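Student: One structure, as structure tokens, below. Some questions next.
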Amino acid sequence: MWKIRKKLYGVGAVLLIVAATLQMTYIHPKWRKDYSPEAGGLVASQLSPEQILLQLFGFREFLAGILWVRADGFFDAGNYDAILPIIRVCTILDPHNIDIYATGMWHIAYNFTDQEQRSNRRYIPIALALAKDGIKNNPNTYELYFETGWLWYQKIDDNPSEAVKYFQEMVKKKDVLPAREDLLANAYFRDQKIMTGLNWYFHLYKEAIARAKKDTFYANSQIRDTLESNIDNTIIRMIQRGYLAQKRNDGSYEKGDYDTKPPFNVGFSAKVTVVRPRVLRVTGTWNVLPVGCRIRFIVRDLHYPNALPAELDWNKNDNFNFNLPTNLTYMQDQLFCKDQRFDRVENMSKDPTMYPFDSNHYLLEFFYDPAFGAPHIQDKFGWNGVGMTDPNFLNTQIRKGVRVIYATLELSKDQILMRGQWQNRHATVETSNFKESSPTESMTNIVKVPSLRGN
Amino acid sequence: MPAAIETIQLTKTYKSRSLGLINVVDKLDLTVQEGEIFGFLGPNGAGKTTTIKMLLGIINPSAGEGYVLGKEIGDLNVHKVISYLPERPYYYEYMTGMEILKFYGSLFGIRDEKKFQSLLERVNLAGDASKIIAQYSKGMQQRIGLAQSLINDPKLLFLDEPTAGLDPIAHTEIRDLILQFRNEGRTVFISSHELSEVERICDRVAIINKGVIERQGHLDELLKGARIEIIADDVPKETATKFEGPDTIVSYSSNRLIVDIPEGANVGAVIDELRNAKASIVSVIPRRRRLEDLFVETVGGKNAKKLVVESPEVVA
Amino acid sequence: MGAVWNIAATTVGEAIRRRVLLVILMIGVLLLTIIPSLSVLSARSDDSVTVGTMFAVMRGTSALLAIVLTVYMIPNEIERRTIYTILSKPVQRWQFFLGKYLGAVLSLLLMITLMTVFMLVVYAIFQNHHASRLLSLAQQPVMYWIEMSLLAAVAICISTFVTPLINIFLSFGVWLVGTVLNPLYDTIANNSKSIPIMKSISKLIVSLVPNFADYDTKNPLINPGQPIQNQGLYYFTTIFYGVVWIALLLIIGALIFDRREV
């Protein structure tokens, strides 16, 4: 009996070694690669013990759902600081829940606003980092490419090549919705790749015809018809705006008669007055149309790290973190132009945490990019601003291949906060060409807007 | 004839936290002959079940030797020809009587349904073969237990308290079955403390107390020596005290005297004495010595004498 | 082997009639049926929440079943004295032990199959009834069965030397440790910041504790799309790993049970 026992001890030892070897050499690496729900960061995930327990027992997705509902509650209460960690935990628990990423980045980029409904754009790099994380974890669906591209295209409203990059990835995915695909053409247009955009329309049109033939479902024929009209419009615009003539580069643009000729002088000028501490009145001239133009206006630290002309380095975060630069100020708004002028009060006094005004000097930027303008404005200015000019502020450097309007002014901290020698004085800065205007002044020198209807 | 069971100095020692080492069974020397019904008697906790478990190889002895049917205990081959019915056994309640037999049969590799049927008939359960055990009465459960213990035609049966908790009719049925076993040439080892039962069916008994065998032998020998019991009323107290002696048991209350003397003692002298005291003699009964007496004498120590007198059976 | 199978069969017969097990099973099935309504928590990811939660419920229920089923198995036989009638027959102790264990494994197979059927029916009704999807979902319960067989081996091994109540906690503890082993190991052993001794200790623990997390392969089922190479090999290896551990635990259990005074 003892002999058998001894043998069995030996067998047991061998089995233990076999099991341990299998586990360490094959099973664990393979499990980690293919089956792990990315549990990393469990300890740092700020979950309560019972939540850790829940997730250990496999209720990860369920728990993410519960937390996500709670995050929405915090959002309603305006407690933005509480939301970021929850969003992070949700994405750790359920890294494949598209909704959490999509809604999370949308919340962060759009809805963390001040009292005047201006977004806190310091959050945009964080939103983009979340988007990158989501894409890394869900590379096979179109959805987060779409969401990220849309963030660039619609919210950041700059750097069109970034939107193009994400939309190009988006259309490669099998699950992409046909109605989303023509966004790529629009992004190409902004990125000055007009011909590529048109070709993309044609590509989609071919597919739409095939789809509509195969399935007479109403939406299919609708998509086909929309593409047809888009292609028509684009071709007409390419001709009327002189795009094709410019491309020929043989002087035919200069010789011919196009809607974009002669370049129109927008006559930009601006004045900024500090009316109350942290409250600026921004007025100025813009000789365009009764309505339709929005000029970007930015107030930021003069030495804001990674700042670029009229924007920030949005792409600087690759990893999601909660590090909002709380000591820096960055305010961006749109100046709505009406009757050849703009006049807006930028009140930053209600949100001292969002606009801390910690440093001593501030840059005020005015920026207009026709590539992002409305089509009826582009009909005059062209996609690249060929039909637009300004004797003082035309800039062909800061956005490659596009003629933009860019002007800057400066204010000091004391001026904005009305402190020190500015305690009882209203600081005013203005462009050298600034002339006072009033809304009642008669409309002269209004740009004649050509239209597709021919009047 | 070789012994069916033989133990030599068989000992089982347990460790107890409060009491240290305890010999639950202490140097047991036991011999059971083939073909007899052997009664293994003792109060609760005397070591009966421990002894049986050692004989069955379910627990290992701490010291000593034991042989069952000539083989050392623990030899699995012996299990093919012995069987065991534990005290108040439990059978899987969801099974029918027939299924129980099939299950236990399968452990021997026996799949003979006719045999199972005849076993059921034998224990008078043929009509209840398809009822589940949960619907069986205690007596029926004990009988199905006996049936399962007969599956392998055992040469030796261990029955642990086979009649415990049964009604008188069930008692009789079980007793009859056990007597049949002996007639079939089987050896039956009964552990019990139901003495009247054992006395009726056993050939030989051993009495174990606190792990030690106190008595062992043929019932006839052990119970040798009948007694005579004399009962008289209106006996004066002075007279009653006269009868006290080393081998006499005297009980006196409310002027009634009961004197219990060994056979061969002078009955006439007692009666004369009582007449002289003008007592009225109620009865003079010669009585065989009972196992109960022996048991109580052996196990119960000095309190035994009193107990015997107060036993209602004795008075009646 | 006849005795082993017959003991296993009666064990199954008894297990499927134990009220406490049936109650646990019913609660599990009930939870499985209400899960689709919980998936409103996430409007677009309802499929992954449904599948993830269904599997979590199934795993938890199965583990509870495996533990409650197994820890009482041998102590009950001793308490009811059925073990004596069996061991007084020509049945070796290891045969009895193995029979009991196989009975537990077969009972778990029955119960997990029942839950799987329920889960698939509910899933087919509320989510998706494509045969290929249902078929791929059915793979995970197979892994759970192996996992629970391993857990049952742990519990029956421990049941040879401790009382059932302590065993419940011990087995549950082993399962818990074995479940968090992978993430824990990743956090410590694969982290450049951990100190070397901690790495060694974590490697030792991973070698000495059966790893239950290996059987949790539901993630690709919750989030389909990423192709996995050699899935068959992984399944085969983990099942083999489970069998090795089960054999080891049964040997230990049988050796202890052989010496045990019952």
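Student: Under the rule that an exposed site lies in a DSSP loop and has at most 14 other Cβ atoms within 10 Å, name the longest stretch of chain A with no chymotrypsin sites (Phe, Trp or Tyr not before Pro) of that kind, not counting the sites themselves.
Tutor: Longest run free of exposed loop sites: A:1-216.
Student: Okay, moving on. Which shape class applies to the range A:264-430: rounded if a/c is under 1.5, otherwise prolate when a/b exceeds b/c and oblate if not, where a ≥ b ≥ c are the square roots of the Cα gyration tensor eigenvalues?
Tutor: oblate
Student: Then there is this: Taking the alpha-carbon centroid of each part, what is the distance from the range B:129-194 to the range A:314-386 in angstrom?
Tutor: 99
Student: Continuing with this model, one more query. Can you pull the one-decimal nm distance between simple spin-label points at residue C:139 and residue A:279, each 7 Å off the Cα toward Cβ?
Tutor: Result: 6.6 nm between the two label points.
Student: Go through the range A:257-267 residue by residue and turn each phi into a ³J(HN,Hα) via Karplus (6.51, -1.76, 1.60, θ = phi - 60°); whole Hz please, and just put x for glycine and proline.
Tutor: Those phi angles translate into 10, 10, 4, 7, 10, x, x, 8, 7, 6, x Hz.
Student: Using a Förster radius of 45 Å, what is the FRET efficiency between residue B:31 and residue B:130 based on their Cβ-Cβ separation? Nearest 0.05, please.
Tutor: The value I calculate is 0.55.
Student: At a Förster distance of 41 Å, what's the computed FRET efficiency of residue A:177 paired with residue C:110, Cβ-Cβ distance as r, to 0.05?
Tutor: So, using R0 = 41 Å, E works out to roughly 0.35.
Student: Along the charge dipole of the protein assembly as shown, Cβ charges K/R +1 and D/E -1, which of A:231, C:207, A:304 sits furthest on the positive end?
Tutor: A:231
Student: Can I ask one more? Provide A:359, C:88 in ascending order of the number of other Cβ atoms located within 10 Å of each residue's Cβ, fewest first.
Tutor: By the 10 Å Cβ count, ascending: A:359, C:88.
Student: Nothing charged except the Cβ atoms of Lys and Arg (+1) and of Asp and Glu (-1): what's the magnitude of the dipole of the protein assembly as shown about its Cα centre? Round to the nearest 20 debye.
Tutor: Roughly 2220 debye, rounded to the nearest 20.
Student: Relative contact order for chain A: what is it in percent, counting Cα pairs under 8 Å that are at least 6 residues apart?
Tutor: Answer for chain A is 13 percent.
Student: So what's the net charge close to residue C:143: Lys and Arg +1, Asp and Glu -1, counting the other residues with Cβ under 10 Å from its Cβ?
Tutor: -1
Student: Counting only other chains, what is the mean number of Cβ atoms within 10 angstrom of the Cβ of each residue in peptide A:13-21?
Tutor: That works out to 6 on average.
Student: What number results when the radius of gyration of the protein assembly as shown, computed over Cα atoms, is divided by 2.2 N^0.38 Å?
Tutor: Dividing the Cα Rg of the protein assembly as shown by 2.2 N^0.38 Å gives 1.56.
Student: Place +1 on the Cβ of every Lys and Arg and -1 on the Cβ of every Asp and Glu in the protein assembly as shown, take the dipole about the Cα centre, and give the residue among C:233, A:383, A:4 whose Cα lies farthest towards its positive end.
Tutor: A:383
Student: Suppose each label sits 7 Å from its Cα in the direction of the beta carbon; what would the residue A:323-residue A:69 distance come out to in nanometres?
Tutor: Label-label distance for residue A:323 and residue A:69, simple model: 3.6 nm.
Student: Also, I was wondering about something else. Label-point separation (nm) for residue A:225 and residue A:21, each offset 7 Å from Cα along Cα-to-Cβ?
Tutor: With each label placed 7 Å out from Cα toward Cβ, I get 7.2 nm.
Student: How do A:158, B:234 line up, fewest other C-beta atoms within 10 Å first?
Tutor: If I rank by nearby Cβ atoms, fewest first, I get B:234, A:158.
Student: Also: What whole number of Å gives the distance from the Cα centroid of the range A:144-212 to the Cα centroid of the range C:201-262?
Tutor: 48
Student: List the residue ranges in chain A for DSSP H helices whose C-alpha atoms run 15 angstrom or more along the long axis and whose Kyte-Doolittle average is 0.0 or above.
Tutor: Both cut-offs are met by A:2-22, A:60-76, A:80-93, A:124-137.
Student: Next question. Quick one: order B:17, A:88 by neighbouring beta-carbon count within 10 Å, fewest to most.
Tutor: B:17, A:88
Student: Taking chain B as the reference, fit the longest principal axis to its C-alpha atoms, fit the long axis of helix B:168-183 to the helix C-alpha atoms, and give the angle between the two in degrees, 0 to 90, nearest 10.
Tutor: Tilt relative to chain B: about 70 degrees.
Student: Shifting gears a bit: What helices does chain C have that are whole DSSP H segments, at least 20 Å long along their own axis by Cα, and with mean Kyte-Doolittle hydropathy of 0.0 or more?
Tutor: C:19-38, C:46-71, C:93-126, C:139-158, C:164-189, C:231-259
Student: Note down the relative contact order for the range B:31-147 as a percent, whole number, built from C-alpha pairs under 8 angstrom at least six residues apart.
Tutor: Averaging sequence separation for qualifying contacts and normalising by length gives 20 percent for the range B:31-147.
Student: So, one more: With the Cα gyration tensor of the range B:3-222 giving a ≥ b ≥ c as the square roots of its eigenvalues, does the rule (a/c under 1.5 for rounded; else a/b larger than b/c for prolate; else oblate) give rounded, prolate or oblate?
Tutor: Here the range B:3-222 falls in the prolate category.
Student: Under a point-charge model restricted to the Cβ atoms of Lys and Arg (+1) and Asp and Glu (-1), what is the dipole moment magnitude of chain C relative to its Cα centre, in debye to the nearest 20?
Tutor: The dipole of chain C has a size of about 340 debye.
Student: Can you find, among A:64, B:120, B:261, the residue sitting farthest towards the positive end of the charge dipole of the protein assembly as shown, where Lys and Arg contribute +1 and Asp and Glu -1 at Cβ?
Tutor: A:64
Student: I'd like the FRET efficiency for residue C:259 and residue B:179, computed as 1/(1 + (r/R0)^6) with the beta carbon distance as r and R0 of 51 Å, rounded to 0.05.
Tutor: 0.80
Each value in this text was obtained by applying a stated rule to the coordinates, not by laboratory testing. The model shown is predicted, which means the values in this text are computed figures rather than measured ones. Glycine gets a Cβ as well: all are built from the backbone with ideal geometry, and neighbour counts include every protein chain shown.
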